[in-house]
Structure formats: structure tokens, C-alpha cells
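The values are calculated or read from the model by the stated rules, or taken from the named source; none is laboratory data. The structure presented is a predicted model; accordingly, all values stated were derived computationally and were not measured. In this analysis, Cβ positions are derived from the backbone assuming ideal geometry, glycine residues included, and neighbour counts consider all displayed protein chains.
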Amino acid sequence: MHPVFDASSDSAIPIIFVSKSTCEAAIGALPPTAAQFVRASGFKGKPGDCLLAPADDGSLAQVLFGIEEPDATWRDPFRAGQLPKLLPPGTYRFANTPHDARLAALAFALGSYSFSRYRKAEPANVKLALADGVDGAEISRIADAVTLARDLINTPSNDMGPEELATTAKAVAARYGAAFSCIVGDDLLTQNFPLIHAVGRASPRAPRLIDIAWGEPSHPKVTLVGKGVCFDTGGLDLKPSSGMLLMKKDMGGAANVLALAQMIMDAKLKVRLRVLIPAVENSVAGNAFRPLDIYPSRKGETVEIGNTDAEGRLVLADALTLAGEDKPDLLIDLGTLTGAARVALGPDLPPFYTRDDKLAGDVARHAAAENDPLWRLPLWPPYDRWLDSKTADLNNAPSGGFAGSITCALFLGRFVESSTPWLHVDIFGWTPAARPARPEGGECQAARAIYKLLVERYG
């Protein structure tokens with residue numbers, strides 16, 4: 001069970017969720033002294049407002065917390081994630097049902113998160129007694145996985161290079177009895193992963209391909225591929241300092257894939273799981289790959305380098321080709337890939353791509369249900385011609401700047417067989433400004449929605 005949850009509710013302090021329309025009725029139901037105190041405070045049930053109401057002896061009797069109206073145009077199912085940072089130490093319970101009791105409990109757990117590896121953080125010492133009918137084990141499973149993803153992304157690159165990422169992946173695999181292997185350095189060339197090697201060779205921290213396998217061989221094959229660029233300078237197409245500032249998060253795809261894998265294995269879903277993570281640093285050195293270089297891929301197609309800062313799709317291309325050789329029943333890749341996705345949809349709404357309309361509908365449905373927003377964008381066939389090269393089979397970064405997220409997805413699609421059910425998600429992996437249950441910093445995106453999709457299909 002997640003440490004924020006408490007099994008006992010006997011002495012738990014009630015949290016009363018109110019909106020502006022229900023505020024007066026909620027106040028009227030309080031003991032006279034408490035009601036008088038609340039009215040005197042001016043509390044009106046504004047979303048996010050929190051009021052500690054005392055008992056006659058001065059002790060904390062109940063908490064009033066404002067949420068959106070049920071029929072509001074937009075409401076935050078994670079609003080309760082503000083509470084762990086607002087409440088004094090103690091054990092609490094939900095006295096009434098918020099918009100979604102399950103998501104509110106998850107939000108409470110996610111809102112208790114803090115990254116404390118390098119600076120001591122004061123423990124909140126706030127616990128929540130779960131309401132009847134709320135599956136604490138499932139919520140804990142998800143919250144623990146989110147913590148893993150956040151911690152990995154928040155760790156700076158000096159302590160989270162390709163080797164450290166592989167060490168973490170190995171530990172996750174060992175926890176669930178999964179097989180682990182790793183191809184390192186020049187062995188990538190001898191085993192035919194030329195694009196992964198090209199991107200990572202300029203760093204003194206050797207590139208590698210992480211490979212995890214778990215589950216019964218007879219079960220449906222689900223393969224996850226995560227972009228593990230542990231730091232991205234842009235290569236010889238060097239990023240400006242402002243663009244490089246958050247590049248420790250460029251392994252966010254790998255972090256979220258590991259979080260998703262942990263959820264799958266912990267829930268013992270009936271799948272044959274494979275996890276592939278190309279882990280590299282895109283660095284600058286005399287042996288760095290260059291603009292207009294041409295490299296073979298594992299698939300056999302040659303790739304002209306239009307931009308060394310479009311490196312994530314290169315390492316994913318070799319990994320996706322390997323994944324396809326196993327003929328998975330479902331192939332999923334996640335990566336922090338394009339600024340174009342952020343320009344189009346912002347940091348909170350990652351786009352996803354698939355050729356399968358049913359899969360798209362299922363993803364959208366679970367994204368909405370889990371408050372893990374995703375939005376489908378098209379694999380627009382006419383733009384595929386933009387990947388053409390005059391000297392190679394394709395170019396990794398078309399000129400012109402149009403539809404950058406779509407052309408990236410189309411590039412990856414060249415390395416996925418058309419018959420393979422495939423989902424590609426272009427995540428940001430970062431929360432720029434704190435919101436309820438989502439502190440500023442590394443973020444788990446798409447993994448919760450995809451996990452619920454897999455539970456539905458293979459649970």
C-alpha cells in the first residue's frame with residue numbers, strides 16, 4: 001500500500017467537498033460553533049480553497065475543501081491533490097463523494113510526491129483513510145509507478161546516464177522476475193543497431209539497448225519502446241542554452257515505459273511483455289554524427305541526417321524494427337520527441353498516433369476516464385513525401401518546419417509493419433507549473449491511460 005494511505009478510518013478527520021452551490025447547505029449541517037466560524041471566515045467553496053474548522057475544544061474537527069460544480073464546463077478530477085500540501089499532520093477521510101472518489105484518492109497520493117534525492121524534504125505526515133469500494137492496491141500500484149517515472153526524469157543527467165538508466169531498468173526487471181539483457185557500445189554495430197550507435201557514440205557514456213522480457217510465452221505479445229536520450233545537446237545542430245535547459249527529461253519516454261511496465265508486471269496482466277529502451281546521450285565530439293551523413297538502419301533503409309537534433313526518432317527506429325521482428329500483438333512507443341507537439345497542443349495534452357481506429361477510440365476513452373489527457377493526430381499520408389531524400393531512402397528531419405510531430409510519427413511508421421497494431425505517443429514528460437497532484441517537474445504521461453487499456457484487454 002502507498003505510504004499516504006491508512007487502513008483505519010475510526011478517528012480520521014472528515015474532508016467535506018463543497019462547491020459554491022452546495023456551500024451553504026454544507027455549512028448549515030455543521031455544529032453551530034463550527035458553522036459560525038466558517039461563515040466568519042468568508043469561505044464560499046471556491047475551487048481549491050481549504051478551510052480547517054475547529055471543534056468546541058479548539059481541535060480540528062473537519063476540513064472544508066472547494067471543488068468545481070458538477071456541471072462545470074471544466075473540472076479538475078485531481079483537485080484533491082492539493083490537500084496533502086495544505087493539511088496539518090493527521091489522518092483524514094473523504095466525508096462525501098467528490099466528482100470521482102477513485103481519482104480523488106489517486107490525486108491525494110500523487111499530490112504527496114516530492115523529489116528529495118538532493119535536498120531534504122519535510123514529510124507531510126498526512127494520511128488518507130480510503131473509502132469503501134476504492135481499490136487501494138490498484139491506486140497504490142499506479143501511484144508507485146508515477147513516482148518511479150517522476151524520480152527518473154527529475155534526476156539530473158550527471159546521475160542518470162545510459163548506464164544508470166539501465167541499472168534502474170535491471171532493478172525493475174529483477175523485482176518481478178523478468179529477464180534482462182543489454183547491448184552496449186560497439187556491440188550495437190556488430191548486432192546491427194547502427195542508428196542507436198551513431199546517435200550515442202560521441203558521448204564517453206556508451207550507448208546501449210535495454211531489453212526486458214516478462215510473462216508467459218503463450219500470452220499475447222505487448223512490446224513497449226521508450227526513448228532513452230539521457231541528455232540531448234542537439235548534437236552538432238547544437239541547441240541554445242534555453243533549449244538545453246530541460247534536456248535531462250529527454251529520457252521521459254523510457255521513464256514512462258518503465259512505469260507502465262511496472263504497473264503491468266505488478267498487476268500480473270496476462271501478456272508476454274517486452275520492453276526496449278535505446279539509452280544514449282546526444283553529445284558533441286569529433287566523432288559525432290553530422291548533418292547530411294547517411295547511415296543504414298536495422299531495417300535496411302538508409303537514413304540521411306537532416307538535423308542531428310532529431311535524434312530520438314533515429315534510436316527509436318532501430319528499436320521499433322527489432323520489436324517488429326517478434327510480431328507483437330500490440331506495439332507501443334513513447335518519447336519526448338517534438339517541440340511541434342507542444343506548439344500544437346501544449347505541455348499537458350500529448351498527441352498520439354495509430355493506424356487502428358478502434359485502438360484510437362479505446363485510448364481516447366481511457367485517457368478521459370483516467371484524467372491522463374491524450375489527443376489523436378493523423379498519420380497524414382500526403383506528408384509522407386516530405387521524408388524523401390535525394391541521396392538516401394529517407395531523411396530524418398524534413399525542411400520547412402510544418403507538421404513536425406506528424407512527420408516524426410510518419411518517420412517512425414516507416415519502421416513498423418503496416419499489419420502491426422501500433423500506438424505512438426509524443427509526450428512532454430514535464431509539468432512546467434505546479435497544478436493539483438502534478439508538482440512542477442518530471443511527469444508521467446500516457447502510461448496510466450495505456451495501463452487501463454491493457455487491463456481491459458488482457459486483465
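Return yes or no: is Asp6 among the charged types (D, E, K, R), at pLDDT 95 or above and in contact with a strand residue (DSSP E or B) (Cβ under 7 Å, 6 or more places away or on another chain)?
no
Determine which member of the set Ala279, Ala288 is modelled with pLDDT of 95 or more and within 25 Å of Gly442 (Cα to Cα).
Selected residue: Ala279, the only one of Ala279, Ala288 that is modelled with pLDDT of 95 or more and within 25 Å of Gly442 (Cα to Cα).
Quick one: count up the residues across region 277-287 that are under 31 Å from the mean Cα position of the chain (by Cα) and surrounded by fewer than 19 Cβ atoms within 10 Å (Cβ to Cβ).
Here the count works out to 1.
Looking only at region 356-377, how many residues end up being more than 21 Å from Arg79 (Cα to Cα) and either under 16 Å from the mean Cα position of the chain (by Cα) or of a type in the set (S, T, N, Q) (or both)?
Final tally of qualifying residues: 3.
Give region 398-444 a look and list any residue that's out of contact with any strand residue (DSSP E or B) (no Cβ under 9 Å at 6 or more places or on another chain) and closer than 21 Å to Met247 by Cβ, or say none.
Gly401, Gly404, Phe428, Pro432, Ala433, Cys444
Taking the criterion of being touching a residue at least 60 places away in the same chain (Cβ under 8 Å) and touching an Asp or Glu at 6+ places or on another chain (Cβ under 7 Å), would at least one residue in region 81-92 satisfy it?
yes
Mind listing whichever residues of region 417-435 are part of a loop (DSSP other than H, G, I, E, B) and buried (at least 21 other Cβ atoms within 10 Å of the Cβ)?
Across region 417-435, the qualifying residues are Ile427, Phe428, Gly429.
May I ask you to list the residues in region 217-237 that are in a strand (DSSP E or B), touching a helix residue (DSSP H, G or I) at 6+ places or on another chain (Cβ under 9 Å) and closer than 24 Å to Asp326 by Cβ?
Across region 217-237, the qualifying residues are Val222, Thr223, Leu224, Val225, Gly226, Gly228, Val229.
Output the number of the condition that Leu60 fails; it satisfies all remaining conditions of (1) crowded, with 17+ Cβ neighbours inside 10 Å; (2) touching a Gly at 6+ places or on another chain (Cβ under 8 Å).
Among (1) crowded, with 17+ Cβ neighbours inside 10 Å; (2) touching a Gly at 6+ places or on another chain (Cβ under 8 Å), the lone unmet condition for Leu60 is (1).
Filter region 33-60 for residues that are without any contact (Cβ under 8 Å) to a residue 12 or more places away in the chain, farther than 25 Å from Gly81 by Cβ and not in a loop (DSSP other than H, G, I, E, B) and give the result.
Passing the criteria: Ala35, Gln36, Ala40.
Pick out the one residue from Gly361, Gly346, Gly400 that is at pLDDT below 95, out of contact with any Asp or Glu (no Cβ under 9 Å at 6 or more places or on another chain) and surrounded by fewer than 21 Cβ atoms within 10 Å (Cβ to Cβ).
From the options Gly361, Gly346, Gly400, the qualifying one is Gly400.
Could you tell me which of the residues Gly90, Gly45 is crowded, with 20+ Cβ neighbours inside 10 Å and modelled with pLDDT under 95?
Gly45
I'm told Lys268 meets every condition in (1) closer than 16 Å to Ala202 by Cα; (2) of a type in the set (D, E, K, R); (3) free of Cβ contacts under 8 Å to residues at least 12 places away in the same chain except one. Can you identify the failing condition by its number?
It is condition (1) that Lys268 fails.
List the pairs whose first member sits in region 314-331 and is not assigned by TED's automatic domain parsing to the domain that holds Trp422, whose second member is surrounded by 24 or more Cβ atoms within 10 Å (Cβ to Cβ) and not in a helix (DSSP H, G or I), and whose Cβ atoms are under 7 Å apart, counting only residues at least 6 apart or on separate chains?
From residues that are not assigned by TED's automatic domain parsing to the domain that holds Trp422, there are no pairs.
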